[in-house]
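What follows is a set of notes on a single structure, which appears directly below.
The values are calculated or read from the model by the stated rules, or taken from the named source; none is laboratory data. Quantities reported herein were computed from a predicted structural model and do not represent experimental measurements. Don't worry about glycine lacking a Cβ; one is built from the backbone with ideal geometry, like all the others, and counts go over all protein chains shown. Heads up: the accessible areas ignore ligands, DNA and RNA and are worked out on the full protein's heavy atoms, side chains in. Shrake-Rupley method; radii C 1.70, N 1.55, O 1.52, S 1.80 Å.
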Amino acid sequence: MRTPFTGVGTALITPFRKDGSLDEPAVKRLVRRQLDAGIHFLCPCGTTGEAPTLSHREKLRINELVVEEVNGAVPVLAGAGGYDTREVIELARDLETVGVDGILSVTPYYNKPTQEGLYQHFKAIAAGTRLPIMLYNVPGRTGVNMEPKTVARLAQIPSIVAVKEACGNVVQMSEIVASTPDDFLMLSGDDPLTVATMAVGGAGVVSVASNEAPAEMVQVVELCEKGDYDSARKLHHWLLPLIQVNFVESNPIPCKAAMAAMGLIEENYRLPLVPPTAASRDKVMDVLQQLKMLGAAARV
């Protein structure tokens, strides 16, 4: 039986209607597509899900929809992070009632806490919820890097079970693996570093690309788990154009444009995110054509 929060967890996009409201039927269709592709767990309401523009009520509703559609098939790791510790705890407690299996909690952004502040923030969240916690370090978005020593301290708290590491530094990832207990999980937060992360002891990836190509990302990680890094690298290199084009503009703009072109969603964003430029859209379309992914929704 697979350990929870290992393998590929899709950082789900949030589909909206043209009027900006949540497209609830699309949420359930996307979840079903993920399950049919063999995904290992799901991560709604993170950065890729445009969480900063979602209300508290919307976050709960999205997670309700995901939990209902999953029906226990895979774990649901709900995004619950922010720069107000009390607000994060409140959301985590409400998510308990929805039935999620854990929370993915990003380091506070904008107020740039010290390493001690990060430790106390997550310690308080752990004390405030019964849910397991996956830490999320993404310095490029938050302006603060959670150092390996801080992760190692937090790993001593029983309910803090993992870290999604998006520092882009394989040395830092290696230090985390070396300094934390064997049952503490380190996952990549960057699709391009999935294979490298697993090679140094990582347990998988929280993926953007698996929105578009869930079965292929699952295959990459499962090949790594089997030790077949040669085959994993080959598939990774095939996917690399998609992985790269997903960040030709701010995530999730290119990903949502791609999924709309694939017939999976209506292409709608919430401000301050806007549709991609014509040049970026052309790059997205070129990659989809190169990988023969246009019309992929009809084959799922």
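A single member of Val106, Val98 is aliphatic (A, V, I, L, M), under 22 Å from His40 (Cα atoms) and more than 18 Å from the chain's Cα centre (by Cα), and it is Val98.
The helices (runs of 4 or more DSSP H) located wholly in the range 57-166 that include 3 or more residues which are free of Cβ contacts under 8 Å to residues at least 24 places away in the same chain occupy 85-98, 115-128.
Among the residues of the range 221-238, those that are open to solvent by 30 Å² or more (accessible area, probe 1.4 Å) and in contact (Cβ under 8 Å) with a residue 24 or more places away in the chain comprise Glu222, Glu225, Tyr229, Arg233, Trp238. Filtering the range 1-39 to residues that are of a type in the set (A, V, I, L, M, F, W, C), surrounded by fewer than 17 Cβ atoms within 10 Å (Cβ to Cβ) and either assigned to a loop (DSSP other than H, G, I, E, B) or within 14 Å of the chain's Cα centre (by Cα) (or both) leaves only Met1.
Listed conditions (1) modelled with pLDDT of 95 or more; (2) small (Gly, Ala, Ser); (3) surrounded by fewer than 16 Cβ atoms within 10 Å (Cβ to Cβ) are all met by Ser207, apart from (3). Out of the range 245-300, which residues are part of a loop (DSSP other than H, G, I, E, B), farther than 19 Å from Ser21 by Cα, under 19 Å from the mean Cα position of the chain (by Cα) and not polar (S, T, N, Q)? Of everything in the range 245-300, those that are part of a loop (DSSP other than H, G, I, E, B), farther than 19 Å from Ser21 by Cα, under 19 Å from the mean Cα position of the chain (by Cα) and not polar (S, T, N, Q) turn out to be Phe247, Val248, Glu249.
Filtered by the rule that a residue be closer than 20 Å to Val27 by Cα, surrounded by fewer than 21 Cβ atoms within 10 Å (Cβ to Cβ) and not small (Gly, Ala, Ser), the range 239-263 gives Asn251, Met262. Among the residues making up the range 13-56, a single one is closer than 17 Å to Glu266 by Cβ, free of Cβ contacts under 8 Å to residues at least 40 places away in the same chain and touching a strand residue (DSSP E or B) at 6+ places or on another chain (Cβ under 9 Å): Val31. Among the listed residues Ala166, Ala152, Ala196, Ala162, which satisfies the condition of being farther than 23 Å from Ala78 by Cα and small (Gly, Ala, Ser)? Going through Ala166, Ala152, Ala196, Ala162 in turn, just one is farther than 23 Å from Ala78 by Cα and small (Gly, Ala, Ser): Ala196. Here is the figure for the range 75-90: residues that are within 29 Å of Met1 (Cβ to Cβ) and surrounded by fewer than 23 Cβ atoms within 10 Å (Cβ to Cβ) total 1.
So if I check each of Val177, Val218, Val163, which one is touching a strand residue (DSSP E or B) at 6+ places or on another chain (Cβ under 9 Å), of a type in the set (Val, Ile, Thr), at pLDDT 95 or above and crowded, with 24+ Cβ neighbours inside 10 Å? Step by step, each of Val177, Val218, Val163 is checked, and only Val163 is touching a strand residue (DSSP E or B) at 6+ places or on another chain (Cβ under 9 Å), of a type in the set (Val, Ile, Thr), at pLDDT 95 or above and crowded, with 24+ Cβ neighbours inside 10 Å.
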